[in-house]
Every structure is written in C-alpha cells, then in structure tokens.
1. I'd like the FRET efficiency for Leu39 and Asp75, computed as 1/(1 + (r/R0)^6) with the beta carbon distance as r and R0 of 45 Å, rounded to 0.05.
2. Specify which residue in the list Pro10, Met22, Ala172 is farthest towards the positive end of the charge dipole of the chain, using unit charges on the beta carbon of Lys, Arg (+1) and Asp, Glu (-1), about the Cα centre.
3. Would you mind putting 21-27, 120-126 in packing order, based on average other-beta-carbon counts within 10 Å, highest first?
4. Size of the dipole of the chain about the Cα centre, Lys and Arg at +1 and Asp and Glu at -1 on the beta carbon, nothing else charged, in debye to 20?
5. What distance in nm separates the two pseudo spin-label positions at Ala65 and Ala165, each 7 Å out from Cα along the beta-carbon direction?
6. Would you give the gap between the C-alpha center of segment 93-152 and the C-alpha center of segment 1-53, rounded to a whole Å?
7. Could you check the simple spin-label distance between Val18 and Phe254, using points 7 Å along Cα→Cβ, in nm with one decimal?
8. How far apart, in nm, are two points set 7 Å out from the Cα along the Cα-to-Cβ line at Arg261 and at Leu242?
Amino acid sequence: MWSIDPGATPAQSVFFGVGIWMAFAYLWSFAPVRGVSRLDALALFGLGGVGGMLGARLMSLGVRAWGGERWQWADLPWLLNPVGAGYASVGFLVGAGLTILLMTRAWSVLSRARMFDLIVVSGLLGMSVARLGCIFNGCDFGRITSLPWAIRYAQGSGPWARHHALGLISAAEPWSAPTHAFALYLAGGAMVLVAWVSLGKRWKRSPPGARAFFALTGYLAWHFGVEFFREPSMAARLGAVLNGNQLALFVALFVAVAIWRHRFQPREVSDG
C-alpha cells in the first residue's frame, strides 16, 4: 500500500508542464519519421492544446451543471486559468480533435492522416504524464479497495475529506481509507498505447492515420473501463452503474470510428 501526502508532493501544474514538454519532444523526434514538418506539427499541437483546454473546461462546467451547480460570473477566473483544477480529459480530447480537424480542413487526406498520427499520440503521452499529478495531489481518486497497490492519502487531502464526510474514518485518523490508483490506471494504459503504436514493428507497414485511430480508440475504451474504479462522487452518475464520463467516452469512441471510416480508411488515402 502506498501512502501519499499531497502537501509534500509537486503541484499539479508541475506535471502539466512536464507533460507538455514530453509531448513537444515526441513531436520533434517523430515528425521527420512521419513525413511531417516540425513547425507545422508544433503549431497545430499548440492550437489543439488551446482548443483542448477550452473543451476540458466546458465539459467541467457541464459536469458541474449536471450536479446542480449554476454558472456564475465569479467562475470566469477559474474557467480561464490554464493550470487550475477542473479539467476533464474527455473534453480535452474532443476540443483538441475538433480544433485540429478545423485547422486542417483544406489539407489532403494523406497529409491530415500523417499529422493526426503525430499529434494524437504525442497528446496522449503528454496527458498521461499530466495524469500522474492527479495521483500525487489526490484530485482524482478511486473507489475504496483492499488491493495491495492501493493508495491512501494524508489528513486534509480530498480523499481524506470525502471519507471523513461519509463517516468512514474519524477526525483523528491521519490517513484516508485505501483507494484504487485510478489516475495511475489511466496514465499507465495511455503510456502502453503510446509505446505500442510508436515502437511496434507492425506499425511500419500501417497506413497513415492508423496509429492515431488505434491509440485514440484504445484509450477511449480503456478509459471507459477504468471509470468503474473511480470514486463515485467524482463524476455525475447515470443510474447505479455508469457515469457521465462514460457516456461522453462512448460518444467520443463512436465519433472516432465514424471519422476513421469516412475520412482516413486506407482506400481513401491519396496524395490528391
């Protein structure tokens, strides 16, 4: 069992920054391999990041509204803060994807597919590193469990406060109840997918766009499953089993498959 004191660990913004730099490093290293201009890739990655952050914030607002919270103008600084809490990774993926699709609408299918191979995979790498911050800061935690790799958080942390409010621990208890390593599950799955589509030999013969499609759909499916281990109060509920994130993930998965079938399938790839 791990014991983590969020007050003694780096802030979430540190992991956020490291994730961005690792994504940049991936772009810079793999752009020539994918036949993509480094400058074009970095520019689109930056624009996609802005669109992704906006999408993440809007989804966070939607989740809050689902839970009965109403928008107030006092929330505007929170909405515009690029490193504050309240992001939703599904909203980030949707916002970034729509932004990049819009910015490359005049490109050929081949050029767009190659760019998506690069940006989707680098984005997943960056997001997985940022997710590690959720583990150490306790801002996104899992259900209570007795598994040997469970994590417990120090008094005063989000998990501790939640468990105390539920009457699961006393005010004198220095640690929360042990929880699933929810954020680690997400980060680990994303990193495995990034390594698979980047280094696997089979991908050398894959058509442009295939890396992006399988990495993205693989992550969406993985995330859907991992949501069952999330602390129930951390997401809007859809009945007794599912939550709002899983609905968004299902819709995003459906859209990704539809885009692949109609825009990026090998039979449609050409230079013209």
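1. Given R0 = 45 Å and the Cβ-Cβ separation, E is 0.80.
2. Met22
3. Going by the mean number of other Cβ atoms within 10 Å, highest first, we get 120-126, 21-27.
4. Dipole magnitude for the chain comes out near 880 debye.
5. In this crude label model, Ala65 to Ala165 measures out at 2.2 nm.
6. 9
7. Result for the modelled spin labels: 3.8 nm.
8. Simple spin-label model gives 1.9 nm for this pair.
Any read-out appearing in this document is the output of simple, stated calculations on the displayed coordinates, not a laboratory observation. Note that the structure is a prediction, hence the values are computed from the model and not measured. All Cβ positions, even for glycine, are placed from backbone atoms using ideal geometry, and neighbour counts span all protein chains on display.
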